[in-house]
Amino acid sequence: MPRPIHATIHTDALRHNLQRVRQSAPDARVWAVVKANAYGHGIERAFHGLRGADGFALLDLDEAARVRRLGWRGPILLLEGVFELRDLELCSRLDLWHTVHCTEQIDLLSAHKTQVPHRVFLKLNSGMNRLGFAPHRFRSAWTRLNAMPQVDEISLMTHFSDADGPKGVAEQVAVFEAAAADLPGERTLSNSAALLRHTATAADWVRPGIVLYGSAADHPEHNAADWGLRPTMTLASQIVGVQDLAVGATVGYGSSFVADRPMRVGVVACGYADGYPRHCPGTNAHGTPVLVDGQRSRTLGRVSMDLIGVDLTGLPGSGHGSEVTLWGRSSTGAVLPIDEVAHAGSTVGYELMCALAPRVPVTMTED
Ligand SMILES: *Cc1c(COP(=O)(O)O)cnc(C)c1O
């Protein structure tokens, strides 16, 4: 028998979350963001659940090629655009739309020999100061692109830094509206958090990633269930060892958990080499939530490479072979939101999904 750890991708939950996106932005078209191998879900599996989207947005050319190989003939957008001249040949060949966020990318386009003009998304830096043209350079970039035979339609794009928090998006929206004021073209501004919290920014296209994968973009202010989202990834394993602890006994490397009463610890076949974050605490003061046979418990001790301890003290019916849900949905239907596990480890659901390790076998279910 293989090591019992495995991940499950729930394609019906992907479909459900996409519907949820459409409810929030009924008049917008939806780019399903499938970068980073669909946030760790696998492009092919995610495509199966998300083929009802209007387009797929991603970063890597090989991921774009994989989406085309799945038979997708609709729009594909390269969110960071191209990195070198020959990428543009592939854009022509695979009919990829691409972001243009800097002068160097306009220079590449002007050097590109093509019969087929490209659809581009001109990106404004509206205040995040990551990618995009500064507002005072935006119009001249548009004018230059508009005069080029290599360019077909130009759409306008920006990205929010604080859609999930108290600062919000108003300032960036104002910068975008001023810079784009009388320029023609479709607009796209919203990521997941904006889509849920600032519905007025939906414009022509929305660009949700994390909500499609069932994570609340603004956890801990809201939970996935508050937004009507369902988990799309389950990481589950089993208890492969059990120890009884006397008072004063410790668990794991560094003895970071000390039993203050007689306890029972289950040892789970899951560790940081599977993608479970080593930062998730299992000290006396702070544990990380986990489900054992669908019932809530907590981790005990430090996460090691292949194993982690969980508290079985209040769960007399559980033991060797019991199902452990690290995040997602247990076979009883109980849900442990990935955001809660991430929060305990001082990170976000995004990182946990993306870090699912290659050694973990993944299967797909329709429910
Ligand atoms: C990753 C990404 C998104 C999706 O972000 P989420 O927070 O996952 O919704 C949208 N737009 C751009 C430009 C991105 O890079």
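Which whole-number percent gives the relative contact order of the range 11-215, counting Cα pairs below 8 Å spaced six or more residues apart?
Dividing the mean separation by the residue count of the range 11-215 yields 21 percent.
Given 0.36 nm per residue, what is the gain on full extension from A111 to R139 after removing their alpha carbon distance, in nm?
Result: 8.0 nm gained on full extension.
With an 8 Å cut-off on Cα pairs and a minimum separation of 6 or more residues, tell me the relative contact order of the range 251-367 in percent.
28 percent
What FRET efficiency comes out for the pair Q23/D152, r = Cβ-Cβ distance, R0 = 30 Å, nearest 0.05?
0.40
Along the charge dipole of the range 11-215, Cβ charges K/R +1 and D/E -1, which of L14, P117, A174 sits furthest on the positive end?
Going by the charge dipole, the pick is L14.
Taking the Cα centre of the chain as origin, work out the dipole magnitude from +1 charges on Lys and Arg Cβ and -1 charges on Asp and Glu Cβ, in debye rounded to 20.
320 debye
Semi-axes, largest first, in whole Å: what does sqrt of 5 times each Cα gyration tensor eigenvalue give for the chain?
Taking √(5λ) for each Cα gyration eigenvalue gives 45, 20, 18 Å.
Residue by residue, what Karplus-based ³J(HN,Hα) values in Hz, rounded to whole numbers, does the range 54-71 have, using 6.51, -1.76 and 1.60 with θ = phi - 60° and x for Gly and Pro?
8, x, 10, 10, 7, 10, 9, 4, 6, 5, 4, 5, 5, 5, 5, 5, 6, x
For the chain, with the dipole built from +1 on Lys and Arg beta-carbon atoms and -1 on Asp and Glu ones, taken about the Cα centre, which of F56, M263, G228 lies farthest toward the positive end?
About the Cα centre, the residue reaching furthest to the positive side is F56.
Which order do the peptides 197-208, 250-261 come out in when sorted by mean C-beta neighbours inside 10 angstrom, highest first?
197-208, 250-261
To one decimal place, what Kirkwood hydrodynamic radius in Å is obtained for the range 11-215 from all pairs of distinct Cα atoms?
Evaluated on the range 11-215, it is 17.1 Å.
When the chain is fully extended, how far beyond the present Cα-Cα distance does L70 get from S346, taking 0.36 nm per residue of separation?
95.7 nm
Need one number: % antiparallel among DSSP beta bridges in the chain, to the nearest 5.
That works out to approximately 55 percent antiparallel.
Computed from the coordinates by the stated procedures, all read-outs in this text should not be read as laboratory data. Everything numeric in this text was worked out from a predicted model, so none of it was measured. Cβ sites come from the backbone with ideal geometry, for glycine too, and all protein chains shown count toward neighbours.
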